[in-house]
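Taking it in order: structure first as structure tokens, then the write-up.
The values are calculated or read from the model by the stated rules, or taken from the named source; none is laboratory data. Nothing here was measured: the structure is a model prediction, and the numbers come from that model. Every residue, glycine as well, gets a Cβ built from its backbone with ideal geometry; the counts of neighbours run over all protein chains shown.
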Amino acid sequence: MTPLTLAQASTMVDKALEHGRAAKFKPLTVAVLDAGGHLMAFKREDGSSILRPQIAQGKAWGTLGMGFGGREFARRAAGGGATFLNSLMVASEGKVIPNAGGVLIRDAEKNILGAVGISGDTSENDEACAVAGIKAAGLLADTGDPA
């Protein structure tokens, strides 16, 4: 397994933002984490509100920590009740955001290389930008959608 590179992470951020601008989405914040949860690349567009960096990183960190994409994470969080979510918040020191817009980055062999988290528009639009960025870097996007 080859680790995620800075060049790949930078491509993901730039292409995700490009996708958002082309679609006329609200200002976005994009975070790319490596497989160890370390921030590799990050950009916050002009006009992106003050909590967006924490939300973007929380979406990426949560999916990476759980090992499945944001859609699946949101589904499990909704079905697991308050005890499950409270436990996750304690274990992660409040860092996880169980929502679409957190997308795992996988290589051709399905190994997890990291995660992208985006915040700024609807969760679905954030996710679409993350997928566009990951694909532009030549990697596989895992949204957690079973389809």
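Cβ-Cβ distances below 9 Å connect the following pairs, each with a first residue in the range 79-97 that is free of Cβ contacts under 8 Å to residues at least 40 places away in the same chain and closer than 21 Å to Leu51 by Cα, a second residue that is of a type in the set (Phe, Trp, Tyr) and part of a helix (DSSP H, G or I), and a separation of six or more residues or different chains: Ser92/Trp61; Lys95/Trp61; Val96/Trp61; Val96/Phe73.
The requirement of being assigned to a strand (DSSP E or B), touching a residue at least 60 places away in the same chain (Cβ under 8 Å) and surrounded by 21 or more Cβ atoms within 10 Å (Cβ to Cβ) is not satisfied by Val13. Of everything in the range 91-106, what is out of contact with any Ser or Thr (no Cβ under 7 Å at 6 or more places or on another chain) and at negative phi? Give them in sequence order. The answer is Ala91, Ser92, Lys95, Val96, Ile97, Pro98, Ile105, Arg106.
Exactly one residue out of Arg76, Arg44 is touching a helix residue (DSSP H, G or I) at 6+ places or on another chain (Cβ under 8 Å), of a type in the set (Lys, Arg) and closer than 24 Å to Thr5 by Cβ, and it is Arg44. Within the range 16-48, which residues are part of a strand (DSSP E or B) and either touching a residue at least 60 places away in the same chain (Cβ under 8 Å) or of a type in the set (A, V, I, L, M) (or both)? Scanning the range 16-48 gives Thr29, Val30, Ala31, Val32, Leu33, Asp34, Leu39, Met40, Ala41.
Is there any pair with a first residue in the range 121-137 that is closer than 9 Å to Ala16 by Cα and a second that is crowded, with 24+ Cβ neighbours inside 10 Å and at pLDDT below 95 whose Cβ atoms are under 6 Å apart and which are 6 or more apart or on different chains, and what are they? Listed by first residue and then by second, the contacts come to Asp126/Gly101. Would you check if Ala41 is within 21 Å of Pro27 (Cα to Cα) and within 11 Å of the chain's Cα centre (by Cα)? Against the criterion (within 21 Å of Pro27 (Cα to Cα) and within 11 Å of the chain's Cα centre (by Cα)), Ala41 does not qualify.
Among (1) crowded, with 24+ Cβ neighbours inside 10 Å; (2) in contact with a Pro (Cβ under 8 Å, 6 or more places away or on another chain); (3) over 17 Å from Gly37 (Cβ atoms), where does Ala100 come up short? Here Ala100 clears every test but (2).
Among residues of the range 105-118 that are exposed (fewer than 13 other Cβ atoms within 10 Å of the Cβ), those with a beta-carbon under 9 Å from a residue that is assigned to a loop (DSSP other than H, G, I, E, B) at least six positions away or on a different chain give the pairs Ala108/Leu139; Glu109/Met1.
Look through Ala22, Ala60 and report the one residue that is among the small types (Gly, Ala, Ser) and surrounded by 14 or more Cβ atoms within 10 Å (Cβ to Cβ).
Exactly one residue qualifies, and that residue is Ala60.
Only residues that are under 14 Å from Gly70 (Cβ atoms), out of contact with any Ser or Thr (no Cβ under 6 Å at 6 or more places or on another chain) and hydrophobic (A, V, I, L, M, F, W, C) were counted across the range 107-124, and they come to 3.
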